[in-house]
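First the structure, in the form of structure tokens, and then the observations on it.
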Amino acid sequence: MAEPARPGSVAEQRAAWTEQATAWDRWADRLERMAERFNQPLVEAAGPKPGDRVLDLASGIGEPGLTLHKAIQPGGRLVLSDLVPEMLQGAVRRFRDRGLEAGFVVQDAQRLALADCSFDVVTCRFGIMFFPEPRLALAEVHRVLVAGGRAAFLVWGPLADNPMFQVTRGAVEAVLGPDPRQRDPFRHAEPGALRGDFATAGFVSYVEKDLTFERHAKAGEPFWRAPLDMTSGGRVAALEPAARAALEAEVIRRLEPFRQGDAYRLSSRIRLLTARS
Ligand SMILES: C[S@@+](CC[C@H](N)C(=O)[O-])C[C@H]1O[C@@H](n2cnc3c(N)ncnc32)[C@H](O)[C@@H]1O
């Protein structure tokens, strides 16, 4: 019988994200416009130009891949990579549906099977918090970048400033209990959490920038279904209808403090980390 994966290990992340891949692909196209809010500042900070070679890490179902692809035309080359083939499959499908080309590589970001100095830009959206040792990934990013290349990473700000996460996570934990396999997406929420790892990897001109977004979501509309499915993956999908209804009622109850009239006001806070190799 296979050994259970060590908590927080790459094997455990692989198992957890494999289970979530179907939900992420199911919502990917419907959430594309919303994803763009986060993609724009990330891609702008990374600054890819037409003709650049760009590597995106932990690409999942392809965010911010489509935005990057547009930025490097004509003549650019984009490689999307992820630990989990089932997640990357969503990106392959979305590029194929749009008739766009990119390279797709299944790999652990901490051990890149890519040549030294082979990219002008490396990006990573909401991925580094899942790598057991971010300093290994940053050393690899530095190695594959050309001298003076640009790295841009997006991480979540504090949980307290991301109410949608508080609501869905709180509801899932209240009904199903905590998921011991899930790494904390807010692991790098403290200012400066990755500054030392960037410096050790050899990066210079390191800058952090916090960004806050406001969202007004209509009460009575199930806008919370996507984050619920995507953060809890297989656990929610496996629920009997009555248990699912109880979970959904708990989400709506927990949204109440954020309600103003017929809409919920939900902010999100992210942190953009940029540096040069
Ligand atoms: C929150 S998703 C982000 C996906 C996409 N970048 C986005 O913003 O929609 C995190 C991704 O990190 C990937 N991941 C986790 N550990 C990884 C590792 N060690 N190396 C590469 N990717 C990893 C997961 O498979 C998953 O696709």
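With the highest mean first, a sort of the peptides 32-43, 76-87 on other beta-carbon atoms found within 10 angstrom per residue produces 76-87, 32-43. In nm, what is the difference between 0.36 nm times the number of residues separating ARG265 and ALA147 and their Cα-Cα distance? Between ARG265 and ALA147, full extension yields an extra 38.1 nm. With a Cα-only, solvent-free Debye model of region 142-220, what are the log10 I(q)/I(0) values at q = 0.26 Å⁻¹? Values, matching the q order: -1.31. Dimensions of the chain from C-alpha coordinates, computed as largest minus smallest value along each principal axis and given longest first, are 55, 51, 40 Å. In plain terms, the chain from ARG77 to ARG195 could stretch by 39.6 nm, reckoned as 0.36 nm per residue minus the Cα-Cα distance. Annotation: lysines with alpha-carbon distance below 26 angstrom to LYS209 (same-chain offsets under eight excluded): LYS49, LYS70. A helix-only calculation puts the chain at -13000 deg cm²/dmol for mean residue ellipticity at 222 nm, using -39500 (n - 2.57) for each DSSP H run of at least four residues, averaged over all residues. Between ALA249 and LEU211, full extension at 0.36 nm per residue minus the direct alpha carbon distance yields a gain of 10.6 nm. Couplings for region 249-265, taken from phi via the Karplus curve 6.51 cos²θ - 1.76 cosθ + 1.60 with θ = phi - 60°, read 5, 5, 4, 5, 4, 6, 7, 3, x, 9, 8, 10, x, 9, 9, 9, 9 Hz in order; Gly and Pro are left as x. Note on the chain: antiparallel DSSP beta bridges, both residues inside, total approximately 55 percent of the bridges counted. Measuring how big region 76-119 is from its alpha-carbon positions, Rg and Dmax come out at 11.3, 32 Å. Packing around the peptides 166-173, 252-259, 238-245, taken as the average count of other Cβ atoms within 10 Å per residue, puts them in this order, highest first: 166-173, 252-259, 238-245.
Within region 184-203, name every residue whose backbone N is under 17 Å away from a label modeled 7 Å from Cα of ASP116 along the Cβ vector. Only 201-203 fall inside the zone, counting backbone N under 17 Å. Among 133-140, 158-165, the peptide with the highest mean count of other Cβ atoms within 10 Å heads the list, and the full ranking is 133-140, 158-165.
Here, each number is a calculation from the coordinates, and none is a lab measurement. Remember, it's a predicted structure, so these values are computed and weren't measured experimentally. As a convention, Cβ positions derive from the backbone with ideal geometry for all residues, glycine included, and neighbour counts pool all protein chains shown.
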